[in-house]
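Each remark here refers to the structure printed beneath this line.
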Ligand SMILES: Nc1ncnc2c1ncn2[C@@H]1O[C@H](COP(=O)(O)OP(=O)(O)O)[C@@H](O)[C@H]1O
Ligand SMILES: [Mg+2]
């Protein structure tokens, strides 16, 4: 049933799910055949096997899967922080490692990692200052740190130090910092997982507002089905061990998405589809489990 809240003409048109062009696309993120095994004296852990998907420019992709499905490992490989054993990562035509060295990749970790002695504004400006050389090679960021902080509802706390802010506000500063640096692609590893449910809901809509203003290419990790559906153009459902792509679920809900979108039939149908995919990968655990 079509909801009156969602005019059909505004439905987003999504690229072909799962289509992978092996290392040829220069307009987005291409992950092809990525595999990773961790070896130690105690044995080997196969974390990822043959993971392939393409995130076209300007799309918001979310990876969902329970703890241990290799989500963080995959993000670290895309960020150039970890070497894959098989396969490759191409970011806007460059290898993951080069893209990372050229500051094309932004990373929002699970905890905000702010410098306690710097103010909110100074924390957000820091990567721009530290990487001035790399920044000079690119166009100037389209929005100032002040503008971004204000979109995130932090316009009144620019001069506060992190310790004076709640956990939710600190995480918003970390997100603002990543957007202010204006990388070609933004990676986020469960940035809301340590927050309470109400704060999470608020933050996911603030993140959407921020994203709406420039449609950055994003790869986001979560274990919340609702969060994945609210935010994404495409949901990559992971199975484990080793982590593989179980399914690609397109989210063709119209944008911009307000809070009412969560009440629609279309929303619930997609949520159900994601839960079913998780269940078929994970037995009865339909919520994706831990982090
Ligand atoms: N540095 C490491 N050394 C050994 N094993 C690791 C390392 N990092 C991750 N693993 C293992 O790889 C698997 C995937 O981990 P991870 O990517 O953190 O999963 P997720 O983020 O989905 O919870 C897990 O079994 C984890 O124990
Ligand atoms: Mg993780």
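Region 145-219 and region 236-275 have Cα centres lying 22 Å from one another.
Report note on the peptides 28-36, 114-122: ranked by the mean count of other C-beta atoms within 10 Å, highest first, their order is 28-36, 114-122. The modelled label-to-label distance for the pair residue 241/residue 85, using points 7 Å beyond Cα in the direction of Cβ, is 1.5 nm. Computed over region 118-181, the quotient of the alpha carbon radius of gyration and 2.2 N^0.38 Å is 1.08.
I'd like the Kirkwood hydrodynamic radius of the chain, using the inverse of the mean 1/r over distinct C-alpha pairs, in Å.
On the way: mean 1/r = 0.0513 Å⁻¹.
One over the average 1/r among Cα pairs gives 19.5 Å for the chain.
Taking label points 7 Å from Cα along the Cα-to-Cβ direction, residue 196 and residue 166 give a separation of 0.7 nm.
Between residue 37 and residue 268, the modelled label-to-label distance comes to 4.6 nm, taking each label 7 Å out from Cα in the direction of the beta carbon.
The numbers here are math on the coordinates, done by the rules we state, and not lab data. Every value quoted in this text rests on a predicted model; they were computed, and no experiment measured them. Positions of Cβ are generated from backbone atoms using ideal geometry, with glycine treated the same way; all protein chains shown enter the neighbour counts.
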